[in-house]
Amino acid sequence: MTEPTSERGDLLRGALEMLILRTLEAEPLHGYAVTENIRTTSGEVLEIEEGSMYPALYRMQKRGWIEAEWGRSDNNRRAKFYRLTDEGRRQLEQAGARWARFSEAVGRVMEPA
Amino acid sequence: MSRLRMLFSRLSGRGTSAIDREVEEEIQFHLAMREQANRRAGMSPEAAARSARRSFGDPERVRRAGRQILAGAPPARDGASLLDTILQDVRYGIRVLAKNRTMTLAAGLSLALGIGINTANFSLVYGILHRQLPFADPDRLLYVDGWNPTRGDGDGPITWADLDAARRVDALEGVAAMTGRNFTVTGGDLPERVAGAAITPGMFELLGVEPQRGRLFRAGEGAEAGFETVALISDGLWRRMFGGDEEILGQTLRLNGRELTIIGVMPVGFRFPEREDLWLPLASDDPTSTSRSIRAIARMRPGAEVAAVQHPLDEWSALAERESPETHRDWTLRAMPFRDAFIDAGAQQMLYLMLAAVGLVLLLACANVANLLLAQAAHRRRELVVRSALGASRWRLARQMLTEAVILALGGGLAGLAVAHVWVRLLGAGAPPDMAFWIRVVVDRAALLYALGISVLTGLLFGVLPALQAARDSMSEELRQSGRGATHLRGTMRSSLVVAEVALSVVLLISAALMVKSFLQLQIADPGFDDRQMLSMRVNLAGDRYDDLAVRAQYFDAAAEQIAALPGVVAATATGAIPADDGGGAARVFPTGTGNVDESFFANVIPSTPDFFATLDVELLDGRRFTRAESDERMGDVAIVGQTLARRLWPDGDAVGRSLTLGSTREYRVVGIAPDLQYEEFGEDMEGARLQLHLPYAVGSWRAMAFLIRGSGDPGALVNPVRDVLQRIDATQAPYDILTMPERRAATTSEHQLLGASFAAFGLMAVVLAVCGVYGVIAHSVAQRTQEIGVRIALGARPRDVLRQVVLGAMRLATVGVLFGLAGAVLFTRGMGGILYGINPTEPLIFGSVGVGLLAAATAAALLPARRAAGVDPTEALRAD
């Protein structure tokens, strides 16, 4: 269908960003908290390489979907907190819709004949 | 450990900026938190740290990402450059096109055709109007001639005094003069007519052309006409007549009875100014002579403009008119770029008209291909939706479609080059045979560039719609194959395309019909007499012998008599102008007594031997023909005037018996009135040509005359017997331009034939493309709506109704297209007015029949898919999804 390598990358990246946005929807968090959150909420199904969180965060920050601010963590250490912007909220909505369509499509393909 | 690394990286000078520090701090924070969590879960400190590092992954990646992303590099999604993504699109596009072979082939053929004929026409226009002339610095070359609006078609030669005046113009760095000469060259088996020119020494230097052998004329080598001693020949003549003899220089040529020495051979292909093969030196017999016999070529100084030349020439013209009204009244000098002198406005109009027509054909092909691509798009919706869900932006998807379109167009363009070659060859075959040597119509680098540019533009043009559609499709909420929403929009696009196609074909077909009809009209146009069984040929008496008027008259009289005596010949005459081809001589006339020389105007003078009207089988309207005695008289004083001239001279009627004055002193008595004949080519309607004055040959006594021979059977069969007669009378004179009158008519209308044939071809292409387009759209729409049709049939609709609905739908589209097309045709044909002969550009019969015809064709095209629709089996249709 399409170039597998880049599209797979696209798929994963798109999904990851969607997950991060969703996690930040409730409240601003620092990178470690986001990782933990996704791990626990997904029932520990989604094991993401923790370091790969940060490039995704930087990208979205550059695009203006999230904002960053240095603050204090629970145990009073300096940490960089991320927060959703309005644009980020919009992107989250669209991504969610697209994902729903995609999963439906996959489901139909995989449906028993 | 990590702190050491941080120190190390700082020491090594890598990344000391604030962003790097922040990223580093973030990494350390994360690792610390994970380590802490691990320890709380029970791991030993070393295990906790190790595990934390392992689950984090490679921190270098994060540092790099931080540097790249936050420190300024734009967030490229795949990290690939624009070029990479374009290459990706190209590779993907080629795969897609290769998979859909039939569509690609159909589209490719349409494009090859459209782009091909466009490239060919570009070569034509470029070769004739824009290609650099094969002279040095050609943009600075001007052509200088005379202009007299009251005379013939306006342009005429200049005098030697005019040439002197031109030489004095500041803005010119050189002026040379030339005059055309036709020569009879003897030395071979038969005397051969050669077109040549007499040029002032310095002409070729002015052009910047050097001979391939020998030398050019020297100053002072100019001789009185008839006393030249040297000659330059063309490469073609050298090879034809002398077999390319190496020892050509110094050999002699017998020209009009005199021997000339060949001093040089001009380069291959050089036949200045148009198709001349022989050049003699020219000098004025008498610099103050008032005869108009030359035209001039001038070179402007670098940086000068034509206006700077024209202005002093205008001043001179005004002065000359004042000082020498007998020779310069109504005359002005005009300077123009060299090329303009040979390509008139009419020819330019024809060329641009053809270019416009092929542009329309290309648009049609584009519409067709866009339609094909849109039909394809329906099958690719799923692919597009999935790609979009995977993160491809709408722009990326649209760009993919555009890339495919451009690839398709470039492929079509490549194939189109082959079409262009063939078309150029065909154009060459139909071209008039007397094209100037500097016109080269070939598919060369300029044409290739044009083909490339047009291919890309074409691809972008027809790719826009599928690209838009793709962007829309990717946002579609429906994934079912027969999703209605996007299909409806796409259907509107395709319907509009069909309307556009029908409209374009209407315009092209109407243009074609008009051109063809115009050409046919030219073939049957009435020259004023029956020319079907007539043969014509020219003789230009050469040699000292014929200096004597009496000898000339004797030749033509004897020739006409002997030719008439041949078996198969009904009558023969020698005349000064061939009807429907030449104009005659121009001379000023006014009615004797009641008029004066200041009121004189130009008339067309035609001297002929006595049997002129008998040969043409034309009855005079009043009076009588010339008698033999009157024809023999050298200083005869009788004339026969044409109808229109008679009315102009004597509006109150009754021209017979009255007298007119030719020039300023020669008086002639009118003995007869003749009907107007067609002089000059059909379509070149000049007022002067209709003012006809027939004189007995002895009075006019030109050297260059034409024989008109009426036969009882096929005129072509008379060619050899007539040649024999002329050969017997004087073997040193060669007849030339030997054509039957029907052949001559075809030759003089060859441009119209070319136009007519080209337009007919375009019209045909247009119809085929439009019919295919209609068929394609209807067939596809039917296929798309199979389910709906099945439901309707199942619910009780009759097949007949379905058929009618489909056909009506098609007819509706076609009607709208036809209406637009008719409106467009009115605009388009407005540009054809000057070229069409004998018909109205908005001829209702043609407009009507084309409109109805295309409507019928579109309806027929819709019938097949409509039949298929009517035959849909409802159960099958409902099952298929």
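The values are calculated or read from the model by the stated rules, or taken from the named source; none is laboratory data. This structure is a prediction, so every number in the text was calculated from the model and none was measured. FYI the Cβ positions are ideal-geometry reconstructions off the backbone, even for glycines, and counts take in every protein chain you see.
Regarding segment B:493-509, can at least one residue be identified that is within 18 Å of B:ALA779 (Cβ to Cβ), modelled with pLDDT under 85 and within 14 Å of another protein chain (Cβ to nearest Cβ)? Lay out the reasoning, then the answer.
Taking segment B:493-509 as the starting set, the residues that turn out to be within 18 Å of B:ALA779 (Cβ to Cβ) are B:493-499, B:501-502.
With the extra rule that they be modelled with pLDDT under 85, the set shrinks to B:493-494.
Keeping just the survivors that are within 14 Å of another protein chain (Cβ to nearest Cβ) gives none.
No, there is no match, as no residue in segment B:493-509 is within 18 Å of B:ALA779 (Cβ to Cβ), modelled with pLDDT under 85 and within 14 Å of another protein chain (Cβ to nearest Cβ).
Within segment B:300-320, does at least one residue satisfy the condition of being in a helix (DSSP H, G or I), charged (D, E, K, R) and at pLDDT 90 or above? Please lay out each step first, then the result.
From segment B:300-320, those in a helix (DSSP H, G or I) are B:306-320; that's our starting set.
If we keep only those that are charged (D, E, K, R) too, we end up with B:314-315.
Filter once more, keeping what is at pLDDT 90 or above: B:314-315.
Scanning segment B:300-320 turns up at least one residue that is in a helix (DSSP H, G or I), charged (D, E, K, R) and at pLDDT 90 or above.
Out of curiosity, is A:SER103 under 25 Å from B:ARG381 (Cβ atoms) and loosely packed, with under 13 Cβ neighbours inside 10 Å?
Here the answer is yes, as A:SER103 does meet what is asked.
Can you name the residue in segment A:34-59 that is away from every other protein chain (no Cβ under 12 Å) and on the phi < 0 side of the Ramachandran plot and is also modelled with the highest pLDDT among such residues?
Taking the candidates together, the pick is A:ASN37.
For segment B:636-663: of the residues being assigned to a strand (DSSP E or B) and not β-branched (Val, Ile, Thr), which is surrounded by the fewest Cβ atoms within 10 Å (Cβ to Cβ)?
Among those that are assigned to a strand (DSSP E or B) and not β-branched (Val, Ile, Thr), it is B:SER659.
Just to confirm my filter: which strands (runs of 3 or more DSSP E) fall fully inside segment B:165-264 and include at least 3 residues that are surrounded by 14 or more Cβ atoms within 10 Å (Cβ to Cβ), among the aliphatic types (A, V, I, L, M) and in contact with a Lys or Arg (Cβ under 8 Å, 6 or more places away or on another chain)?
Here the list reads B:172-186, B:192-199.
Hey, can you tell me all the residues within segment A:60-88 that are at the interface with chain B (Cβ under 9 Å from one of its Cβ atoms) and basic (Lys, Arg)?
Passing the criteria: A:LYS62, A:ARG63, A:ARG77, A:ARG78, A:LYS80.
In segment B:679-720, what residues are within 16 Å of B:TYR555 (Cβ to Cβ), of a type in the set (Ser, Thr, Tyr) and modelled with pLDDT of 90 or more?
none
Take the residues in segment B:382-406 that are more than 11 Å from chain A (Cβ to nearest Cβ) and farther than 14 Å from B:GLY93 by Cβ, then tell me which one is surrounded by the fewest Cβ atoms within 10 Å (Cβ to Cβ).
B:TRP395
Please go through segment B:580-609 and give me each residue that is at pLDDT 85 or above, surrounded by 23 or more Cβ atoms within 10 Å (Cβ to Cβ) and not hydrophobic (A, V, I, L, M, F, W, C), ordered by number.
Within segment B:580-609, B:ASN604, B:PRO607, B:SER608, B:THR609 meet the criteria.
Only one of these conditions is not met by A:GLN91: (1) more than 10 Å from chain B (Cβ to nearest Cβ); (2) outside any helix (DSSP H, G or I); (3) within 25 Å of B:ILE69 (Cα to Cα). Which number is it?
Going through the list (1) more than 10 Å from chain B (Cβ to nearest Cβ); (2) outside any helix (DSSP H, G or I); (3) within 25 Å of B:ILE69 (Cα to Cα), A:GLN91 breaks only (2).
B:LEU124 passes all but one of (1) under 18 Å from B:ASP344 (Cα atoms); (2) outside any helix (DSSP H, G or I); which number fails?
(2)
Of the residues B:GLU35, B:GLU22, which single one is assigned to a helix (DSSP H, G or I), surrounded by 12 or more Cβ atoms within 10 Å (Cβ to Cβ) and at pLDDT below 90?
Details: B:GLU35 fails: at pLDDT below 90.
So the residue among B:GLU35, B:GLU22 that is assigned to a helix (DSSP H, G or I), surrounded by 12 or more Cβ atoms within 10 Å (Cβ to Cβ) and at pLDDT below 90 is B:GLU22.
State all residues of segment B:827-863 that are at pLDDT below 85 and either over 28 Å from the mean Cα position of the chain (by Cα) or of a type in the set (Phe, Trp, Tyr) (or both); if no residue qualifies, say none.
Answer for segment B:827-863, where residues must be at pLDDT below 85 and either over 28 Å from the mean Cα position of the chain (by Cα) or of a type in the set (Phe, Trp, Tyr) (or both): just B:TYR837.
Considering B:ARG299, B:ARG292, which residue is among the basic types (Lys, Arg) and crowded, with 22+ Cβ neighbours inside 10 Å?
Of the residues listed, the single one that is among the basic types (Lys, Arg) and crowded, with 22+ Cβ neighbours inside 10 Å is B:ARG299.
Checking the condition out of contact with any Ser or Thr (no Cβ under 6 Å at 6 or more places or on another chain), buried (at least 16 other Cβ atoms within 10 Å of the Cβ) and either of a type in the set (Gly, Ala, Ser) or away from chain A (no Cβ under 14 Å) (or both), which residue from B:ALA47, B:ALA107, B:ALA41 passes?
From the options B:ALA47, B:ALA107, B:ALA41, the qualifying one is B:ALA107.
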